[in-house]
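Undergrad: Below is the structure I would like to discuss, written out as structure tokens.
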Amino acid sequence: MRSVEGTGSVERTAADRDVATAVAPGPAVADGPAAPVAAGSSGAPGEDDLGRHIREARVQRGLTLEALARATGLSRSYLSNVEHNKNSPTISTLRTILDALGVTLSQLFRTVEGERPAVTRPDQRVVIARTGNDDVRYELLNPNPLGRLESMIMEVAPGATSGGHPHTHAGEEVGLILSGELDYWVDGVHYALREGDAVSFDATRPHRYANPGTVPSVSVWTVTPPSF
């Protein structure tokens, strides 16, 4: 999934307001966001972390850091810090890296091998949390690298947004608002979505969202083909 806005070559630090971190479901840590780990892992430092999976995918594809930097428009030093979990990419930047590697998030974590399971338990989900003043959390409901569609729960904190610029990607999206409210823009047209409302659109059309309410917005989304 690509952002319409170019990522440029400006380095981002872990102090950026919007940070994407792959985490395992579990109780919140009082002194900060959880360390990046794949859902279902032990959560021990250095195990099943986002940076390690990115590095493994890059090496498997025979890409150097310089080649990945050229493909993403990000600096070599920034990507090196991401791979060593010194920097956490924004969700938009994570999508750019995944696109350059030619993988979805589910494929990156290889959460499912062999046959597709009929059931995904809560502790088997891949979770992406964007922490900071704008909090957005995604839980993949079918983290299957072999699947042809992707479903997720999205929770958007009050006042949080998808970012200042719309996104585009191949395929289609369908969303259902489970609770709260969500402002959605598709091709610049605004839709005020409330509990029970559904929205569907061609994802090649620029789209973005924001939570204008005072409570979290919770919705379920299906995307085909998988793009996260």
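The values are calculated or read from the model by the stated rules, or taken from the named source; none is laboratory data. Since this is a predicted model, take the numbers as computed values, not measurements. Cβ placement follows ideal geometry from the backbone for every residue including glycine, while neighbour counts extend to all protein chains displayed.
Undergrad: Against the conditions (1) under 26 Å from residue 108 (Cβ atoms); (2) at pLDDT 95 or above, where does residue 137 fall short? Just the number, please.
TA: Every listed condition holds for residue 137 apart from (2).
Undergrad: Right, something else. Looking only at strands (runs of 3 or more DSSP E) that lie completely in segment 166-228, which have at least 3 residues being of a type in the set (S, T, N, Q)?
TA: 217-224
Undergrad: Moving on. Kindly indicate which of 9, 80, 41 is hydroxyl-bearing (Ser, Thr, Tyr), surrounded by fewer than 20 Cβ atoms within 10 Å (Cβ to Cβ) and modelled with pLDDT of 80 or more.
TA: 80
Undergrad: Provide a single number: the residues in segment 79-93 that are over 18 Å from residue 59 (Cβ atoms) and outside any loop (DSSP other than H, G, I, E, B).
TA: 3
Undergrad: Among the candidates 219, 162, single out the residue that is in contact with a helix residue (DSSP H, G or I) (Cβ under 9 Å, 6 or more places away or on another chain) and of a type in the set (Ser, Thr, Tyr).
TA: 162
Undergrad: In segment 95-134, what residues are out of contact with any Ser or Thr (no Cβ under 8 Å at 6 or more places or on another chain), of a type outside the set (A, V, I, L, M, F, W, C), modelled with pLDDT under 85 and not in a helix (DSSP H, G or I)?
TA: 110, 111, 113, 114, 115, 116, 117, 120, 125, 132, 133
Undergrad: Could you say which residue among 216, 212, 166 is in contact with an Asp or Glu (Cβ under 9 Å, 6 or more places away or on another chain) and under 25 Å from residue 102 (Cα atoms)?
TA: 166
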